[in-house]
1. Exactly one of (1) within 16 Å of the chain's Cα centre (by Cα); (2) farther than 29 Å from G244 by Cβ is unmet by A409. Its number?
2. Do you know which residues across segment 69-103 are basic (K, R) and at pLDDT 70 or above?
3. Of everything in segment 334-347, what is surrounded by fewer than 24 Cβ atoms within 10 Å (Cβ to Cβ), in contact (Cβ under 8 Å) with a residue 40 or more places away in the chain and charged (D, E, K, R)? Give them in sequence order.
4. For segment 463-479, state whether one or more residues are under 30 Å from A608 (Cβ atoms), of a type in the set (A, V, I, L, M), part of a helix (DSSP H, G or I) and not assigned by TED's automatic domain parsing to the domain that holds R350.
5. Go through segment 318-330 and give me each residue that's in a helix (DSSP H, G or I) and touching a strand residue (DSSP E or B) at 6+ places or on another chain (Cβ under 6 Å).
6. In segment 102-127, how many are touching a helix residue (DSSP H, G or I) at 6+ places or on another chain (Cβ under 9 Å) and under 20 Å from A167 (Cβ atoms)?
7. Can you tell me which residue among S377, S389 is polar (S, T, N, Q), surrounded by 22 or more Cβ atoms within 10 Å (Cβ to Cβ) and modelled with pLDDT of 90 or more?
8. Kindly check whether there is at least one residue in segment 590-604 that is crowded, with 20+ Cβ neighbours inside 10 Å, modelled with pLDDT of 95 or more and closer than 26 Å to D241 by Cα.
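The values are calculated or read from the model by the stated rules, or taken from the named source; none is laboratory data. Predicted model only: the values in this text are computed from it and were never measured. Neighbour counts run over all protein chains shown; Cβ positions are idealised from the backbone, glycine included.
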Amino acid sequence: GTPRAVGERTQDGALELLSCERDLAEERRCFDAFADRCPTLLSYADAPLRWVIPDLAGALEIMIELGALGDDAHLAWPAKRKLQVPKQRELGDLDLKVGSGTNWLSVDASLICEEGVILSFRQLIDDRAGRFVKLGDDHFVALSEQLRRRVDALAGLGSLHDDGLHASPVMLPVLEELAADLADPKFDAEAQSRLERLRALAATKVRKPRRFTAELRDYQRDGYAWMWRLAEAGFGACLADDMGLGKTVQALALLAQRSALGPALVVCPTSVVINWISECKRFAPTLRPQLLSDAGDRAALMQQLGPRDLLVCSYGILASEREALAEIPFATAVFDEAHALKNERTKRARAARELQAGFRLALTGTPVENRVDELWSLFRVVVPGLLGSKAQFEDRYANPIARGEREAAGRLRSLLRPFILRRTKAQVLDELPARTEITLHVTPSVDERAYYEALRRRSVEVVEADPKKKRFRILAEIAKLRQAAVDPRLLDADAAPGGSKIAALLEQIQALRDEGHRALVFTQFLGSMALVRRALQAAAIDHLELDGSTPAAERARRVAAFQGGEADVFLLSLRAGGVGMNLTGADYVLHLDPWWNPAVEDQATDRAHRIGQTRPVTVYRLISVGTIEEKILALHERKRELADDILDGLGGDEALDLDELMALLA
């Protein structure tokens, strides 16, 4: 019914409420209508129809929403206290000035407010709560969301000083993009000259190098031209195309084009050193490939380098010859499978940073595998200064992304955009055959399950018994469980039962062979390679093998043999056989055991699913039911999200903490 109140007069004439009848349905309707017009309140509910706003930014946001309600909302203030939020400032109110120092750019951004008040860049950063900047006691100015995001993006480009922001010269293309929709951005003469050169390079038609024999696809020509323009501008680059899209041939085109400028260096995994030499001879006859290896006189070879020479070495040789290589002024340095540089503390990463090179190029299909800070280490090599110091990168990007802040991931993508090029197979290869992925669940035998469960229980006891070394113990016990999930014989060849997964693999291979298919089999354990080898031999199935101990020349011979039709099965270790090889002779890929990161497995799969493949490719992952392998598979989606979020979308950091590691033992 109608709300009704009952009260009585006190001695001083005031009305004291004794009781009331409430219309709860009407109250709810009014509340819903109020919440629709003041949505920020919903984040601060303390009790039904009661809100407590502890932070200044939230209070100011709600003030703006309440102010828009007019007479429908009444604001009561303490005596002589009233927060003031004047008209919101928009992107057009931002005044941007960019100047050129000796080795940096000076960036000054100020905000024009009412009554001639001008806020400096430092005030916009230091005196801010959310999107509100303090003008004086109880007096604030509101930034539009677009303006706030732009100020944050500018602040992330360098270090803040009293005279503004100091940024690396590599930030100029990013600054031009951030200034594009401002009312009147001002670049000094030197910065304008650099920008005009960048625009001229963007308009230049780039021709394929003379006598370069490879027929480049349209997207490969675009990639080559993109690299050439960045090289001419004095920047570095990261070509992050999907595996199998021909990053090597695009890089060779650039190396041939720049060969007259001086010697070049290619650093790559040992498994693909011979491939670089052979591809260079095949497609770039104007280059003189030279192998820097364990054999021969390295010092003499390095001293004789000149224009058109292409020195090829492994990451191991790069580290061991760090000082000698750092003395050579290379025109171009290429880092193949550049995720090898993801740990900035390694000798190889340090050696890569110390190289002299007019242009630095990273080639990797997986610039992010596990953690966002892998990008910092990689770009510290190829575009020094782009991502700031380690502390700045963690504060601006890594830590916010780990907390799930989508805006930080967006700012990082915008910063990387001029220097990283990524095309997926789906985008550029309409003619590539389909790829189908299937998970085969293998049920262990009763004895295998009993062995695994006993091992798991013992692992938990071992970990809990030594809290000081908990993380180390967990990793050691997880390694045992992963092997037991493949086959208990990997841990106890004499006493342990086993064979279910190997038997399932063999059954699948026999069925494929009978239907005329050929397969790649990947595993990460040398012990499981031995078990599979014995099973294939017992079944009289011809096969080839490749692991980390296979010499480079023999690797090349075995790859050529398989591509030529020899053997029905190629058995490979995941790390040694997962990069840099063309194995399109297979149309089936079988992963005997899952690796932590799906990007590593995808790289291996792309040995078969790449340019040159004419048949559909089917991928089988064998997973032991009731084991740690099922939990690793669940991690795969999270790992894929991390890479997609930085390169394509949004998301968070996925390093495993102690609790997550313990969950794998549960």
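1. Of (1) within 16 Å of the chain's Cα centre (by Cα); (2) farther than 29 Å from G244 by Cβ, only one is false for A409: (2).
2. Just the residues of segment 69-103 that are basic (K, R), to begin with: 80-82, 87, 89, 97.
Hits for segment 69-103 are K87, R89, K97.
3. Passing the criteria: E337, E344.
4. Of all residues in segment 463-479, those under 30 Å from A608 (Cβ atoms) come to 478-479.
If we keep only those that are of a type in the set (A, V, I, L, M) as well, we get 478-479.
Narrowing the set further to residues that are part of a helix (DSSP H, G or I) leaves 478-479.
Now drop any that are not not assigned by TED's automatic domain parsing to the domain that holds R350, which leaves 478-479.
Among the residues of segment 463-479, at least one is under 30 Å from A608 (Cβ atoms), of a type in the set (A, V, I, L, M), part of a helix (DSSP H, G or I) and not assigned by TED's automatic domain parsing to the domain that holds R350, which makes the answer yes.
5. Going through segment 318-330, the residues in a helix (DSSP H, G or I) turn out to be 318-320, 322-326.
Residue satisfying the conditions is L318 alone.
6. In the first step, residues of segment 102-127 are kept if they are touching a helix residue (DSSP H, G or I) at 6+ places or on another chain (Cβ under 9 Å); the result is 103-105, 107-113, 121, 124-125.
Add one more test, that the residue is under 20 Å from A167 (Cβ atoms), and what stays is 103-105, 107-111, 121, 124-125.
Result for segment 102-127: 11.
7. On the way: S389 fails: surrounded by 22 or more Cβ atoms within 10 Å (Cβ to Cβ).
That would be S377, the only listed residue that is polar (S, T, N, Q), surrounded by 22 or more Cβ atoms within 10 Å (Cβ to Cβ) and modelled with pLDDT of 90 or more.
8. Within segment 590-604 (the criterion being crowded, with 20+ Cβ neighbours inside 10 Å, modelled with pLDDT of 95 or more and closer than 26 Å to D241 by Cα), the answer is yes, since at least one residue qualifies.
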